[in-house]
Amino acid sequence: MGPVNLFIGGLYNQYKVNFALAGGGKQDTTVNTYMVGAGGKYAYGPFYFNAEGQYGKNPNNGDGFVTLIPSVMAFDPTTNKSEDSEYWAGQGVIGFKLSDMISFEGGYVYQYGKVKDPSINQDFEQTTGIWYVQSVISPAKNFYIVPEIGDIDYQNLKVAGVNTKLGDLLWFGIKWQINF
């Protein structure tokens, strides 16, 4: 649609997880995972803007509770109860291409996850925010230098109504790349 590019997508996955019970035997449950997302890109001369949003249930199942935010299904094999996680995300990027040799870009990502653990009947809820600024410098064809600075703000983890500030992680790096 001219300078506008729109897209939509999604995924669905279903599988069984087997749990060993304390008194012997096994218990299984079915995990349903899905994600839907939509976004768009807009370019006007040297400027561009990209935005995207996502929603899903149990998107990180298989990774356990080591994910960045609560985004896995919680299951209690002693009661055979499960609770689906809910996940929202959105991101925006704005950029400016000064020339074929140098461009600038910045972006922000917001994430939200929530799940209720049926074994302890407690809600786990977390938000995160990530921003970055970078430049792509190309002094020669197929050679790129990309300095970047950014921050992951883990914001708050809310458990049973109690907020805990988790801190943030600031990074700075430079990537060198040659395409053959």
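Structure notes:
- Which numbered condition Asp123 fails, given (1) closer than 23 Å to Pro70 by Cα; (2) in contact with a Phe, Trp or Tyr (Cβ under 8 Å, 6 or more places away or on another chain); (3) charged (D, E, K, R): (2)
- Consider the stretch 52-87 and keep the residues that are modelled with pLDDT of 95 or more and open to solvent by 40 Å² or more (accessible area, probe 1.4 Å). The one that is farthest from Leu157 (Cα to Cα) is Glu52.
- Test set (1) within 20 Å of the chain's Cα centre (by Cα); (2) more than 30 Å from Ile102 (Cα to Cα) - Thr164 fails condition number: (1)
- Taking the stretch 113-180 as the region of interest, the strands (runs of 3 or more DSSP E) fully inside it that hold 2 or more residues being surrounded by fewer than 18 Cβ atoms within 10 Å (Cβ to Cβ) and charged (D, E, K, R) are 143-153, 168-178.
- Tally, over the stretch 6-39, of residues that are in a strand (DSSP E or B) and over 19 Å from the mean Cα position of the chain (by Cα): 14
- The residues of the stretch 8-27 that are over 14 Å from Thr78 (Cβ atoms) and open to solvent by 60 Å² or more (accessible area, probe 1.4 Å), listed by number, are Ile8, Gly10, Leu11, Tyr12, Asn13, Gln14, Tyr15, Lys16, Asn18.
- Residue within the stretch 138-148 that is touching a strand residue (DSSP E or B) at 6+ places or on another chain (Cβ under 8 Å) and touching a residue at least 40 places away in the same chain (Cβ under 8 Å) present: no
- Unique residue being over 29 Å from Ile174 (Cβ atoms) and not acidic (Asp, Glu) when the list is Pro70, Pro139, Pro147: Pro70
The values are calculated or read from the model by the stated rules, or taken from the named source; none is laboratory data. Note that the structure is a prediction, hence the values are computed from the model and not measured. Because the Cβ atoms are built from the backbone with ideal geometry, glycine has one as well, and the counts that use them run over all protein chains shown. Just the protein is used for accessible areas: all its heavy atoms, side chains included, with ligands, DNA and RNA removed. Shrake-Rupley method; radii C 1.70, N 1.55, O 1.52, S 1.80 Å.
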